[in-house]
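A.B. asks: Below you will find the structure I want to go over with you.
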Amino acid sequence: MVPAFNDYVFENATGSIGVVETQFGYHVIKSDGKVVEEGVERAKLAHILIKVSVGTETIDSLRAILDDVKLAAEDKSFDEAAKALGLKIDTVNAVAKGGAL
């Protein structure tokens, strides 16, 4: 897991929703809790990845889209927000802190 994604997942409270930029794109992340299994802290999470290609979109317009996704996810369920905006959610049941996603 890349550091920015890892930091968000393990430093924020259950139910929090945030936006993180990585080399893969922008992620709207929802923390679904943490558990310790066999001495390893693991997080349950869902995220929506928005990949950006060089083109006519600017960072400002992308930020507006991300803010819309985040607000919709806070207002509705995470699933309803993604569906309404035509986005795919990737769900991870338990990822180890610092481990691969």
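A.B. asks: Given the rule -39500 (n - 2.57) for each run of at least 4 DSSP H residues, summed and divided by the residues of the chain, what is its mean residue ellipticity at 222 nm, to the nearest 500 deg cm²/dmol?
C.D. replies: On the way: 3 runs with 33 residues, N = 101.
Rounded to the nearest 500, it is -10000 deg cm²/dmol.
A.B. asks: Turning to a different aspect of this structure: Around I29, what is the net charge, scoring Lys/Arg as +1 and Asp/Glu as -1 over all other residues with Cβ under 12 Å from its Cβ? Don't skip to the end; give the middle numbers.
C.D. replies: Details: positive: K30, K44, K70; negative: D7, E11, E21, D32, D90.
Neighbourhood net charge equals -2.
A.B. asks: Next question. Roll a 1.4 Å probe over the protein chains and send me the accessible area per residue for the chain in Å².
C.D. replies: 60 Å²
A.B. asks: Roughly how big is region 2-74's charge dipole about its Cα centre, with Cβ charges of +1 (Lys, Arg) and -1 (Asp, Glu), in debye to the nearest 20? Before the final figure, lay out each step's value.
C.D. replies: Numbers: 7 positive and 12 negative charges, 27 e Å.
It comes to approximately 140 debye.
A.B. asks: Can you tell me, using C-alpha contacts under 8 Å and at least 6 residues apart, the relative contact order of region 29-84 as a whole percent? Spell out each step's value before the answer.
C.D. replies: Details: 36 pairs, mean separation 13.0, N = 56.
Taking the mean separation of contacting Cα pairs over the length of region 29-84, I get 23 percent.
A.B. asks: Give me the net charge of E80's neighbourhood, meaning all other residues with Cβ under 15 Å from the Cβ of E80; Lys, Arg count +1, Asp, Glu -1. Let's see the in-between values first.
C.D. replies: Values: positive: K30, K70, K76, K83, K88; negative: D68, E74, D75, D79.
Value of the local net charge: +1.
A.B. asks: Equivalent-ellipsoid semi-axes (√(5λ), Cα gyration tensor) for the chain, whole Å, largest first? Please report the intermediate quantities before stating the final value.
C.D. replies: Working: eigenvalues 119, 48, 21 Å².
Rounded to whole Å, the semi-axes are 24, 16, 10.
A.B. asks: Given a Förster radius of 30 Å and the C-beta distance between T91 and R63 as r, what FRET efficiency does 1/(1 + (r/R0)^6) yield to the nearest 0.05? Could you put the intermediate results ahead of the total?
C.D. replies: Numbers: r = 25 Å, r/R0 = 0.82.
Step by step, r from the Cβ atoms, then E = 0.75.
A.B. asks: Order of 3-10, 70-77 by packing, highest average Cβ count within 10 Å first?
C.D. replies: Numbers: 3-10: 17.1, 70-77: 15.1.
Those peptides, ordered most packed to least, come out 3-10, 70-77.
The values are calculated or read from the model by the stated rules, or taken from the named source; none is laboratory data. The shown structure was predicted, so the numbers you read here are calculated from the model rather than taken from an experiment. Cβ atoms come from the backbone with ideal geometry, glycine included; neighbour counts cover every protein chain shown. For the accessible areas, the whole protein counts, side chains as well, though only heavy atoms, and no ligand, DNA or RNA atoms are used. Shrake-Rupley method; radii C 1.70, N 1.55, O 1.52, S 1.80 Å.
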